[in-house]
Amino acid sequence: LNQTFKNLEIRVVERTTDLEIARRQSEKRAGELQAIGEISKVITGEQALEKLLPLISRLVSERFGFYHTGIFLLNDTNQFAVLQAASSEGGQKMLAREHRLEVGGSGIVGYVAKFGTPRISLDVGQDAVFFNNPDLPSTRSEMALPLKVRNRIMGVLDVQSEKPGAFTEYDASTLSILADQIAIALENARLFTQTQHALAEAQEQYRQNLQGSWKAFSRE
């Protein structure tokens with residue numbers, strides 16, 4: 001009876017622990033989804049790409065407490081992922097020297113830019129990696145998420161933490177929702193910019209045609 005009672009106590013403790021872990025995970029996910037909703041609401045209101053990119057990197061770092069957030073966009077040839085915005089001081093240095101990574105090259109950003117699937121790197125566990133970026137010396141965990149629109153990879157969202165083992169597959173699943181929202185906002189901004197350029201060209205062409213017509217009319 002004593003042994004049975006002890007086993008029951010152990011099972012109760014284990015069950016209580018499991019419930020507490022599940023509660024914390026639920027609260028964390030709810031908080032993350034709320035942050036994603038808030039970020040999405042803000043970025044959908046900005047149509048200028050040069051303002052949108054730094055806005056996204058800053059908001060993501062602030063709301064999720066990341067050490068560094070970077071946004072890479074593929075160049076015209078899809079050969080390189082070029083850093084376009086960064087939230088950290090080290091990231092600003094990388095921007096200043098036009099930091100870029102080869103698509104499919106070493107590192108998780110190059111991998112994600114080529115294959116379009118999230119990837120995590122940690123400095124703990126069986127597959128531990130060593131982070132040696134002098135601009136981001138405090139990085140202990142990194143996660144890269146693809147920015148895709150209609151199955152087309154347009155870039156990569158790169159987030160880094162000072163905590164070892166900070167990211168899990170669970171986090172990748174949740175933050176993929178954010179990455180999708182960011183990709184849509186960037187695509188909308190790109191289309192808006194293209195439309196503005198096309199409109200300006202059409203107006204300039206119309207003005208030139210109008211001037212030519214008046215000159216011809218004057219001569220006649």
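The values are calculated or read from the model by the stated rules, or taken from the named source; none is laboratory data. For clarity, every value in this text was computed on a predicted model and none was experimentally measured. As a convention, Cβ positions derive from the backbone with ideal geometry for all residues, glycine included, and neighbour counts pool all protein chains shown. Calculation scope for accessible area: heavy atoms of the full protein, side chains included, ligands and nucleic acids excluded. Shrake-Rupley method; radii C 1.70, N 1.55, O 1.52, S 1.80 Å.
Observations on the structure shown:
- Annotation: of all residues in region 75-100 being touching a Gly at 6+ places or on another chain (Cβ under 6 Å) and farther than 13 Å from ASN133 by Cα, the one that is surrounded by the most Cβ atoms within 10 Å (Cβ to Cβ) is ALA86.
- The one condition in (1) out of contact with any Ser or Thr (no Cβ under 6 Å at 6 or more places or on another chain); (2) open to solvent by 20 Å² or more (accessible area, probe 1.4 Å) that ALA166 fails to fulfil: (1)
- Pairs where the first residue, in region 6-33, is under 26 Å from SER176 (Cα atoms) and modelled with pLDDT under 75 and the second is open to solvent by less than 80 Å² (accessible area, probe 1.4 Å) and not charged (D, E, K, R), C-beta under 7 Å, 6+ apart: ARG29/THR174
- Selection count, region 183-217, where residues are open to solvent by 90 Å² or more (accessible area, probe 1.4 Å) and among the small types (Gly, Ala, Ser): 0
- ALA128 vs. criteria open to solvent by 50 Å² or more (accessible area, probe 1.4 Å) and of a type in the set (Gly, Ala, Ser): yes
- Take the conditions (1) crowded, with 18+ Cβ neighbours inside 10 Å; (2) under 12 Å from the mean Cα position of the chain (by Cα); (3) farther than 18 Å from ASP171 by Cα; THR69 misses just one of them, which is (3).
- Candidate set from region 15-36 (those that are in contact with a helix residue (DSSP H, G or I) (Cβ under 8 Å, 6 or more places away or on another chain) and closer than 30 Å to LEU191 by Cβ); member that is surrounded by the fewest Cβ atoms within 10 Å (Cβ to Cβ): LEU33
- When THR44, THR69 are screened for being modelled with pLDDT of 95 or more and of a type outside the set (A, V, I, L, M), only THR69 passes.
- Among (1) within 25 Å of THR168 (Cα to Cα); (2) in a helix (DSSP H, G or I), the one test that VAL42 misses: (1)
- Within region 7-14, not a single residue is open to solvent by 30 Å² or more (accessible area, probe 1.4 Å) and under 24 Å from THR139 (Cβ atoms).
- Residue that is of a type in the set (Phe, Trp, Tyr) and within 21 Å of GLU187 (Cα to Cα), where the choices are PHE72, PHE66, PHE5: PHE72
- Residue match in region 48-65 (condition: assigned to a loop (DSSP other than H, G, I, E, B) and farther than 16 Å from VAL159 by Cα): yes
- From the list ARG63, ARG140, the lone residue that is open to solvent by 40 Å² or more (accessible area, probe 1.4 Å), within 20 Å of PHE167 (Cβ to Cβ) and touching a Lys or Arg at 6+ places or on another chain (Cβ under 7 Å) is ARG140.
- Condition broken by LEU83, with the remaining ones in (1) under 26 Å from LEU33 (Cβ atoms); (2) under 12 Å from the mean Cα position of the chain (by Cα); (3) without any contact (Cβ under 8 Å) to a residue 40 or more places away in the chain satisfied: (1)
- Just one of the listed residues (ILE108, ILE39) is open to solvent by less than 10 Å² (accessible area, probe 1.4 Å) and of a type in the set (Val, Ile, Thr), namely ILE39.
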